[in-house]
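Each reported figure results from applying straightforward, stated rules to the coordinates on display, with no laboratory input. Remember, it's a predicted structure, so these values are computed and weren't measured experimentally. Cβ: placed from backbone, ideal geometry, glycine included. Neighbour counts: every protein chain shown.
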């Protein structure tokens, strides 16, 4: 290893010019001479008209020299002493030009202007219009891809479809099981509080069965899949957007909508109705645990009341709603992923926006479909 030459800082006074000569190796882990001597002389001597530098005996240098040099220059500027850096090496001059390219501004704060309520409402309306326009365009592109798939003009890799089917189907069973079981338990306990007043605990089975099949089973499955799969779709596509992988697919002649979005959409549409039926079953089992454990109801009686209360139309309504949820979840997740920006924070924003958009779509669509079923008397 090369030995380090001790660094030194020598001062030379020539009339009203003070020369600071750097000598030796100014590198890290080297004992630094007391620069306070130079600073004291600059502050005490009012006759100094200029500060110059000499690097004829300067050896190796790194950030240590830059730190001490910047401290010296800043102190001289505060004293109003002109500085001549032309004698410094070109590398040091370049670094100093970068340091002082933007002057430091102290005590200056950005003025935070608060928009008026009219501007806030207007911006919200414009953003809503842009989102609606983007959603309509995205739905149109998906419809064209589906039409091309029917006509065999559009294709995608089956391995991608089965992979997304695995991720959005069997892989989601544990969380669907847990939440649906708890929802069934809660429905049973809530109903039992009122039904026990009339000695009608047997009708817990009716309430849990109808509640799970018509509403809660599909709704909870949709909400869970929005947070689990919808956000995953947005994060996956957003990361591909950040890494320019989607642009690379376009360059190679692949259509991103059919190659990336279509397999995810079809996988979720196929899996969510099956998850709805599974959630209904687990929720009914949860209600049975409460009825059999805490009330004088046998398991056979519970099953008999459940079979009498649930009809095929109830299952059809719940599965139909959940099928719509699957389309909306896939659309929101893929849309936000394709709209993602080019930064890491944009990926997180896309995932968050996908969850919010998906849940909003689910709640609105559930309200509309429930209203339609009520009007039709089904």
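What does the C-alpha gyration tensor say about the overall shape of segment 8-99? Classify as rounded when a/c is under 1.5, otherwise prolate if a/b is larger than b/c, or oblate.
It is prolate, given that a/c is not under 1.5 and a/b is the larger ratio.
Highest mean first, how do 173-183, 89-99, 297-307, 228-238 rank when packing is the count of other Cβ atoms within 10 Å averaged over residues?
Answer by packing, highest mean first, reads 228-238, 173-183, 297-307, 89-99.
In Å, what Kirkwood hydrodynamic radius results for segment 202-247 from the alpha-carbon pair distances?
After inverting the pairwise mean of 1/r, the radius is 13.0 Å.
For helix 299-309, what angle does its Cα long axis make with the longest principal axis of the chain, in degrees from 0 to 90 and rounded to 10?
90 degrees
Divide by every residue of the chain the summed helix terms, -39500 (n - 2.57) for each DSSP H run of at least 4, and state the resulting mean residue ellipticity at 222 nm, rounded to the nearest 500 deg cm²/dmol.
Here the helix-only value at 222 nm equals -21500 deg cm²/dmol.
Of all DSSP beta bridges located in segment 8-99, what percent are antiparallel, nearest 5?
Roughly 40 percent of the beta bridges in segment 8-99 run antiparallel, per DSSP.
Beyond 22 Å, what percent of the Cα pairs of segment 96-218 remain?
In whole percent, the long-distance tail amounts to 74.
Can you give the FRET efficiency to the nearest 0.05 for residue 10 and residue 98, using r as the Cβ-Cβ distance and R₀ = 22 Å?
Once the sixth-power term is evaluated, E becomes 0.20.
Quick check: the angle from helix 344-376's long axis to the longest principal axis of the chain, C-alpha only, nearest 10 degrees?
Rounded to the nearest ten degrees, it is 20.
Within 10 Å, count the other beta carbons around each residue, average over each peptide in 47-54, 220-227, and list them highest first.
220-227, 47-54
For the chain, what is the percent of antiparallel DSSP beta bridges, rounded to the nearest 5?
For the chain, the DSSP antiparallel bridge percentage is about 40.
Just checking my list [x] 37, 20, 19; [y] 34, 26, 18; [z] 72, 27, 22 against semi-axes √(5λ) of the Cα gyration tensor in Å computed from this structure; which label fits?
This structure yields the entry labelled [z].
Remind me, relative contact order of the chain in percent, using alpha carbon pairs under 8 angstrom and six or more residues apart?
17 percent
Provide the descending list of Cα extents for segment 230-378 along its principal axes, expressed in whole angstroms.
66, 36, 24
Order these peptides, 191-200, 334-343, by their mean beta-carbon neighbour count within 10 angstrom, highest first.
334-343, 191-200
Arrange 22, 295 by Cβ neighbour counts within 10 Å, fewest through most, would you?
295, 22
Calculate how steeply helix 117-150 sits against the longest principal axis of the alpha-carbon atoms of the chain, using the helix alpha-carbon long axis, and give the answer as 0 to 90 degrees to the nearest 10.
The angle comes out near 60 degrees.
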